[in-house]
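The values are calculated or read from the model by the stated rules, or taken from the named source; none is laboratory data. Source: prediction; values computed, not measured. Here Cβ is always computed from backbone atoms with ideal geometry, including for glycine, and neighbour counts include all displayed protein chains. These area figures cover heavy atoms from the full protein model, side chains too; ligands, DNA and RNA do not enter into them. Shrake-Rupley method; radii C 1.70, N 1.55, O 1.52, S 1.80 Å.
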Amino acid sequence: MDTKEIFSAVGNFGFPMVLSWYLLLRMEQRLDKLTSYLNELSRALLKNNKEA
């Protein structure tokens, strides 16, 4: 998304709406990473329990 599109969205929807949308997108990416890391941890723990 370029600067022109961002300013257009702010003009059309208002700053709070655009800011909320931006923060939600960033949060979603971080939640995806967290889910991936938790799945890795779960697999490692299961593997460790089977070896013990």
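Think of each Lys and Arg Cβ as +1 and each Asp and Glu Cβ as -1; about the Cα centre, that makes the dipole of the chain roughly 220 debye. Just the protein heavy atoms count here, and of the accessible area of the chain at 1.4 Å, carbon and sulfur take up 63 percent. When Lys47, Lys4 are compared by accessible area of protein heavy atoms, the largest-first order is Lys4, Lys47, using a 1.4 Å probe.
Taking K and R as +1 and D and E as -1, what net charge do the other residues with C-beta under 15 Å from the C-beta of Ala44 add up to? Spell out each step's value before the answer.
Working: positive: Arg43, Lys47, Lys50; negative: Glu40, Glu51.
Net of charged neighbours comes to +1.
Between 0 and 90 degrees, rounded to the nearest ten: what's the tilt of helix 3-13 against the longest Cα principal axis of the chain? Tilt of helix 3-13: around 80 degrees. Packing order of peptides 34-41, 15-22, highest average first: 15-22, 34-41 (average count of other Cβ atoms within 10 Å over each peptide's residues). The angle separating the long axis of helix 15-51 from the principal Cα axis of greatest extent in the chain is about 10 degrees.
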